[in-house]
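These notes concern the structure reproduced below.
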Amino acid sequence: MNIIQGKVWKFGDDVDTDAIIPARYLNTSDPLELAKHCMEDADIEFAGKVKVGDIIVAGKNFGCGSSREHAPIAIKAAGVACIIAPTFARIFYRNAFNTGLMILESAEASLAIEAGHEVVINPAAGTIKDLTIGKQFTARPIPEFMQKLLDDGGLIEHWRNRLSIEIFT
Amino acid sequence: MSQTITEKILAFHAGLDKVEPGQLIEADVDIALANDVTAPIAIAEFEKLGVEKVFDDERVLLIPDHFTPNKDIKSAEQAKILREFAKKQGLKNYFEIGRVGIEHVLLPEQGLVLPGDLIIGADSHTCTYGALGAFATGVGSTDLAAAMATGKVWLRVPESIKIVYHGKLAPWVEGKDLILHTIGILKVDGALYQALEMTGETIDTLPMYGRMSMANMAIEAGAKNGIIAPDEITLDYVRPRARRDYTLFASDPDAVYCRTIEIDVSTIRPQVAYPPRPDKSRSVDQAAADKIEIDQVVIGSCTNGRIEDFRLAASLLKGRKAAPYMRLLIIPGTQDVYRQMIKEGLTEIFLDAEALISPPTCGPCLGGHMGVLAAGERAVATTNRNFVGRMGHPESEVYLSNPAVAAASAILGRIATPEEVV
């Protein structure tokens with residue numbers, strides 16, 4: 001996985017999926033359409049200003065609420081490279097892995113990193129470095145099984161591989 | 001080794017004698033469901049798998065309930081994806097307009113979800129079916145796609161929180177109030193990744209519709225599933241509906257819980273959850289004292305869209321009218337609920353009260369259609385979420401309550417206690 005460097009957008013605790021992508025836009029599943037309204041009810045300016053490679057740092061329980069996979073799809077399509085939070089709501093957590101949106105858990109990083117800071121992430125090492133304040137943090141390791149899913153290219157690829165092996169054996 | 005009901009159901013579906021919290025399992029799915037918002041993505045992912053047929057055409061359920069009747073061209077196109085997939089796959093449980101209802105009211109009513117089942121749904125309120133003694137949890141569209149193809153899902157066995165409810169419910173207090181009160185204690189992430197097992201003498205006598213309101217909102221505390229052990233009340237509900245075998249599980253007396261909370265319900269008043277989070281529950285007396293003026297009342301949803309909910313609302317609305325400028329929306333959960341409302345004369349009461357009766361739909365609950373709020377407007381709703389912008393404009397507000405509080409509030413034009421109108 002490549003090193004990520006980007007500017008931070010900061011959000012608070014319990015950012016819910018209605019804030020990430022309001023249901024009024026769920027009459028489509030087109031990622032680019034969804035990206036136009038990403039985080040709209042939390043920060044109306046976000047979708048217009050976010051740059052490819054930017055990073056979201058948020059408080060606890062990010063992505064709570066609905067099961068809509070449109071939430072990680074919208075964030076990824078908006079160009080966000082990674083979300084850092086102390087905890088993620090469980091459906092969002094699974095959906096992020098399944099849609100290839102990188103998420104890292106670190107309470108310390110979430111607390112210390114502020115909006116506008118420049119941050120470098122080494123996904124393989126699990127390190128998060130805030131260049132603005134010169135501090136480094138270590139994210140919680142990704143569970144082994146989730147890492148295997150990522151290595152396989154996601155859940156669908158994981159099953160494609162398994163099913164093709166089962167068919168030919 | 002003693003186990004909780006959640007652990008037993010998961011072990012059974014993973015073909016194991018026992019499981020432990022934290023363990024990753026691959027489990028067989030009894031039912032996999034999606035709606036018109038989540039199924040289009042699931043179907044697209046399913047098609048990437050290169051599998052011809054779904055794992056079982058009776059166990060993959062498609063329920064177009066969110067933006068139906070189609071609110072616009074885009075949503076019509078989403079619904080069309082479900083219809084065409086259902087036809088192509090020969091799905092036995094696709095529900096067209098005229099038969100469809102709100103998924104979590106419809107499936108228990110039709111006997112499609114049963115005790116002991118393992119159910120995954122691309123809808124977070126799939127946890128409702130825990131009220132029947134099933135393991136039921138919400139997933140995203142990609143997880144659902146894999147289950148549609150393989151009949152399997154990977155799950156991390158959750159720790160369980162046990163909530164024990166003691167005492168007798170005061171007048172006007174419903175299952176909805178117990179769960180709002182409980183979420184107020186746990187907060188919106190208090191049960192993150194965990195199972196919420198609800199038990200105790202109060203639950204032993206709580207009717208199925210109240211149990212469904214409770215399990216429905218387990219997700220609002222972050223829980224993976226909510227669950228209530230099946231008993232005679234469950235069986236009375238399930239027996240006339242079930243068309244396949246089912247299994248009853250119960251927690252062992254010495255099962256291990258990560259946390260136990262005892263709640264004396266006798267002093268609980270009807271609850272109102274203030275915006276913008278379902279854990280901001282207060283007593284209705286405080287809400288009434290706060291003199292909160294409202295513009296709209298919504299009675300319905302997967303939380304409170306069952307016939308008993310409408311009987312309760314009608315008992316207050318009978319012979320009374322919605323306040324001037326008040327929009328009172330009544331949304332029966334299914335066609336059967338609608339028909340029953342007509343048979344019992346409830347529709348007459350609602351029409352006399354100058355309520356609008358909507359077809360079954362999720363509609364305004366998620367700010368989709370059929371009752372969206374403008375900036376600065378406030379609603380009381382018997383729904384399950386009140387996040388910023390949930391029912392419309394980001395500057396609108398939603399207060400969550402039971403149907404009795406909602407009906408009283410519609411009559412008085414402000415958040416009111418049921419006692420103020422009877």
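Legend: mean number of C-beta atoms from other chains within 10 angstrom of residue C-beta atoms, peptide A:78-89, equals 1. Measuring nothing but protein heavy atoms, the accessible surface of segment B:286-338 at 1.4 Å probe radius is 50 percent carbon and sulfur. In the protein assembly as shown, the DSSP beta bridges split such that about 30 percent are antiparallel, to the nearest 5. Near B:Arg243, once Lys and Arg are set to +1 and Asp and Glu to -1 for all other residues with Cβ below 14 Å from its Cβ, the sum equals 0. Once the Kirkwood radius over Cα pairs is known for the protein assembly as shown, the Stokes-Einstein relation at 37 °C and 0.692 mPa s delivers a diffusion coefficient of 137 µm²/s. Placing dummy labels 7 Å off each Cα toward the beta-carbon, the span from A:Asn122 to B:Glu47 is 4.3 nm.
Rounded, prolate or oblate for segment B:5-263? Axes are the square roots of the Cα gyration tensor eigenvalues, ordered a ≥ b ≥ c, and the cut-off for rounded is a/c under 1.5.
Working: a/c = 1.81, a/b = 1.47, b/c = 1.23.
It comes out prolate by the Cα gyration axes.
Across the options B:Val297, B:Thr267, B:Val256, the greatest Cα extent toward the positive end of the charge dipole of segment B:255-309 (unit charges at beta carbon of Lys, Arg, Asp, Glu) belongs to B:Val256.
When all protein chains stay in place and ligands, DNA and RNA are ignored, the 1.4 Å accessible-area order of A:Thr99, B:Thr267, largest first, is B:Thr267, A:Thr99. Over chain B, accessible surface divided per residue gives 34 Å², non-protein components excluded, 1.4 Å probe. If you take the Cα centroid of segment B:371-392 and the Cα centroid of segment A:125-149, the two points sit 38 Å apart. Across segment A:18-24, coupling constants 3J(HN,Hα) worked out from phi with the 6.51/-1.76/1.60 Karplus curve, θ = phi - 60°, read 5, 6, 5, 8, x, 4, 5 Hz, and Gly and Pro carry x. Surface calculation, 1.4 Å probe, protein heavy atoms: B:Met208 sits at approximately 10 Å² accessible.
Can you pull out the trypsin sites (Lys or Arg not before Pro) in segment B:264-344 that DSSP calls coil and that have at most 10 other Cβ atoms within 10 Å? Hits after loop and neighbour filter: B:Lys291. Bridge orientation summary for segment B:5-263: considering DSSP beta bridges with both residues in this region, about 15 percent are antiparallel. Relative contact order of chain B, taken over Cα pairs closer than 8 Å and 6 or more residues apart, is 17 percent.
Protein-only accessible surface at a 1.4 angstrom probe places the residues B:Leu82, B:Leu312 in the order B:Leu312, B:Leu82, largest first.
A DSSP coil position with no more than 12 other Cβ atoms inside 10 Å describes the following GluC sites (Glu not before Pro) in segment B:30-89: B:Glu52. Could you let me know the centre-to-centre spacing of segment B:174-220 and segment B:28-51, using Cα atoms, in angstrom? Each part reduced to its Cα centre gives a spacing of 29 Å. Note on B:Leu248 and B:Lys168: the extension gain reaches 26.2 nm, defined as 0.36 nm multiplied by sequence separation minus the Cα-Cα distance.
With Cβ to Cβ distances under 11 Å as the rule, what net charge do the other residues near B:Asp290 carry (K, R +1; D, E -1)?
+1
Working note: Karplus 6.51/-1.76/1.60 with θ = phi - 60° gives segment B:372-383 the couplings 7, 8, 8, 4, x, 7, 10, 10, 9, 9, 8, 7 Hz, where Gly and Pro are set to x.
Our helix-only sum for chain A, with -39,500 (n - 2.57) per DSSP H run of n ≥ 4 divided by its residues, gives a mean residue ellipticity at 222 nm of -9000 deg cm²/dmol.
Taking K and R as +1 and D and E as -1, what net charge do the other residues with C-beta under 9 Å from the C-beta of B:Lys152 add up to? For residues surrounding B:Lys152, the net value is -2.
The values are calculated or read from the model by the stated rules, or taken from the named source; none is laboratory data. None of these values were measured; they are calculated from a predicted model. Ideal geometry is used to build each Cβ from the backbone, glycine not excepted, and the neighbour counts take in all protein chains shown. Quick note on the areas: whole protein, heavy atoms, side chains included, nothing else; ligands and nucleic acids left out. Shrake-Rupley method; radii C 1.70, N 1.55, O 1.52, S 1.80 Å.
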